[in-house]
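The values are calculated or read from the model by the stated rules, or taken from the named source; none is laboratory data. These numbers were taken from a predicted model, which means no experiment stands behind them. Glycine also receives a Cβ, built like all others from the backbone with ideal geometry; neighbour counts cover every protein chain displayed.
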Amino acid sequence: MPPGILTNAVSLSAEKVELSPANTGFMLIATALVMVMTPALAFFYGGMVRVKSVLNMLMMSFISLGLVTVLWVLYGFSLAFGTDHGSLIGWSGDYLGLSGIGLTELWDGYSIPVYVFAAFQLMFAILTPALISGALADRVKFSAWALFIVLWVTVVYFPVAHWVWGAGGWLFELGVIDFAGGTAVHINAGAAALGVLFVVGKRIGFKKDPMRPHSLPLVMLGAGLLWFGWFGFNAGSWLGNDDGVGAVAFLNTQVATGAAMLGWLAYEKLRHGSFTTLGAASGAVAGLVAITPACGSVSPLGSIAIGIIAGVLCAMAVGLKYKFNYDDSLDVVGVHLVGGVVGSLLIGFFATGGVQSDAKGLFYGGGLAQLGKQSVGVVCVLLYSLVISFILAKVVDLVMGFRVSEDEELAGVDQAAHAETAYDYGGTGGGTSLTRTAAPAAGSGSGDTSAQEAQGDTAPASQAGTSDRAQGGTPGKAKKVDA
């Protein structure tokens, strides 16, 4: 079953369904678009961190492509979409290693092969833990992060995906609408980020040192690629487009994202006096997050409302970390958790009953029934992910230590974890400290910029924006190590 409540599935499964080359080709393209979202997220996050952490931030997303892919084939697809057991977890021997699936075997009730459905859902599983990484920038061990991904997708993501999207999953059966991942992806990742933050703690210099993004163009590039890939993320979640629902989801994705960007920028201008590029990129992502669960159940006008509301509320929410003193480096909680909650709950108000299902929201005569169901889904996924993620992070911390040493954090996680720097300021080519062989330049002392790089960022201190969204922060006098 694809994400969302599919009242048409009964009639579809009752008919003899044949493989559709058109739908299969469409879903392969959608799958590739969703895959692009993980490197896009890497650029989005990578541009927001300081120079000394860029490569580590990129790698925290890229490692998910490797780890989750292997786990998904071995047992992840079986846990998420295998035969239901107690409405809590799936399991099917034929799905272990994807070894018992026929070449043209169709996903139940749909005209695409099981292999295509498995590949599409794999990309969701890869992206979700990568989202968490933005909250932990600058300070965690790469090996510890890799172990956490393995544990988290196994204990949290695979079961929650079954609850929400698997046939027999308890939230699916309850009637919770999540077209493409408001609960299973964004609330799940945002709550997990908060749980891990309680274990990892704050960066050195939080609320004291400026922690500006080193490359706003990279941020904008990442946001643009995320926007592009999100059309596959949302429109592809109907697993075909024989009835036009995927087209509505596609349009709603564009509309809500544009509206959210405007909402964020309007709030930013009124609150802080400027329209920033970081605000535009962040607002767009907030809109993408919020429309994800709702894109198959609301009208384009409803999408405008959801986008504006999400843009404003997420812009307000990113400052909460200063009030409550948790260091969410790149605002995963403020954008993904809050945006996912907003989008999921607003279905209870704006669902028209005329797109993916006949479920109607309050504004369309449906009363409070759907809002109640959405609230159950939001609260249960949030609490489960928050608590279990905290426990898993604590286990990793006890076993191997989750955080790098203070010296390594000050020098930069890139050097400590990867023996590389993102930019070669010495002009010698490469960026790997292991192969640096340039001779000292005349009159320059050591002639090596690695010491400067190890001390922190070399980007101009006057660069506009901060990795803390340039809002609500209390930057003080910068330390030399973070210049």
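Annotations for the structure displayed:
- Condition check for V255: closer than 25 Å to L345 by Cβ, crowded, with 24+ Cβ neighbours inside 10 Å and either modelled with pLDDT under 95 or among the aliphatic types (A, V, I, L, M) (or both): no
- The residues on offer are V255, V176, and the sole one that is in contact with a helix residue (DSSP H, G or I) (Cβ under 9 Å, 6 or more places away or on another chain), touching a residue at least 40 places away in the same chain (Cβ under 8 Å) and closer than 20 Å to I304 by Cα is V255.
- G348 being without any contact (Cβ under 8 Å) to a residue 40 or more places away in the chain, crowded, with 21+ Cβ neighbours inside 10 Å and either touching a helix residue (DSSP H, G or I) at 6+ places or on another chain (Cβ under 7 Å) or not aromatic (F, W, Y) (or both): yes
- Tally of residues being touching a Leu at 6+ places or on another chain (Cβ under 7 Å) and either closer than 30 Å to G244 by Cα or of a type in the set (D, E, K, R) (or both) across the stretch 312-334: 2
- In the stretch 41-54, the residues that are aliphatic (A, V, I, L, M), crowded, with 24+ Cβ neighbours inside 10 Å and over 14 Å from the mean Cα position of the chain (by Cα): M48, V49, V54
To keep it simple, each residue is scored yes or no on (1) closer than 18 Å to T38 by Cα; (2) among the aliphatic types (A, V, I, L, M); (3) in contact with a helix residue (DSSP H, G or I) (Cβ under 8 Å, 6 or more places away or on another chain).
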position: M60; (1), (2), (3): yes, yes, yes
position: L67; (1), (2), (3): yes, yes, yes
position: L79; (1), (2), (3): no, yes, yes
position: G86; (1), (2), (3): no, no, no
position: I89; (1), (2), (3): no, yes, yes
position: Y95; (1), (2), (3): no, no, yes
position: L106; (1), (2), (3): no, yes, yes
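- Looking only at residues of the stretch 69-105 that are part of a loop (DSSP other than H, G, I, E, B) and touching a strand residue (DSSP E or B) at 6+ places or on another chain (Cβ under 9 Å), we find that the one that is surrounded by the fewest Cβ atoms within 10 Å (Cβ to Cβ) is L103.
- When each of A146, A135 is tested for being in contact (Cβ under 8 Å) with a residue 12 or more places away in the chain, more than 16 Å from the chain's Cα centre (by Cα) and in a helix (DSSP H, G or I), the lone residue that passes is A146.
- Test: residue in the stretch 352-366 that is farther than 25 Å from P159 by Cα, touching a Leu at 6+ places or on another chain (Cβ under 9 Å) and not in a helix (DSSP H, G or I): yes
- Verdict on Q452 being at pLDDT 95 or above and in a helix (DSSP H, G or I): no
- Taken as a whole, the condition of being β-branched (V, I, T), more than 27 Å from M400 (Cα to Cα) and modelled with pLDDT of 95 or more applies to I177.
- On inspection, Y322 passes the criterion of being surrounded by 16 or more Cβ atoms within 10 Å (Cβ to Cβ), within 24 Å of the chain's Cα centre (by Cα), in a helix (DSSP H, G or I) and aromatic (F, W, Y).
- Enumeration of residues in the stretch 210-252 that are surrounded by 20 or more Cβ atoms within 10 Å (Cβ to Cβ) and among the charged types (D, E, K, R): R212
- Verdict on V355 being buried (at least 18 other Cβ atoms within 10 Å of the Cβ) and at pLDDT 95 or above: no
- Residues located in the stretch 157-184, provided they are charged (D, E, K, R) and either closer than 24 Å to V338 by Cα or buried (at least 24 other Cβ atoms within 10 Å of the Cβ) (or both): D178
- Residue within the stretch 205-216 that is outside any loop (DSSP other than H, G, I, E, B), touching a residue at least 24 places away in the same chain (Cβ under 8 Å) and of a type outside the set (A, V, I, L, M, F, W, C) present: no
- The one condition in (1) out of contact with any Pro (no Cβ under 7 Å at 6 or more places or on another chain); (2) closer than 28 Å to T83 by Cβ; (3) not polar (S, T, N, Q) that V153 fails to fulfil: (1)
- Residue match in the stretch 239-254 (condition: more than 30 Å from E18 (Cα to Cα), in a helix (DSSP H, G or I) and in contact with a strand residue (DSSP E or B) (Cβ under 8 Å, 6 or more places away or on another chain)): no
- Test: A192 is surrounded by 24 or more Cβ atoms within 10 Å (Cβ to Cβ), part of a loop (DSSP other than H, G, I, E, B) and under 14 Å from the mean Cα position of the chain (by Cα): no
- You will find that of T154, T128, the residue that is assigned to a helix (DSSP H, G or I), polar (S, T, N, Q) and surrounded by fewer than 24 Cβ atoms within 10 Å (Cβ to Cβ) is T154 and no other.
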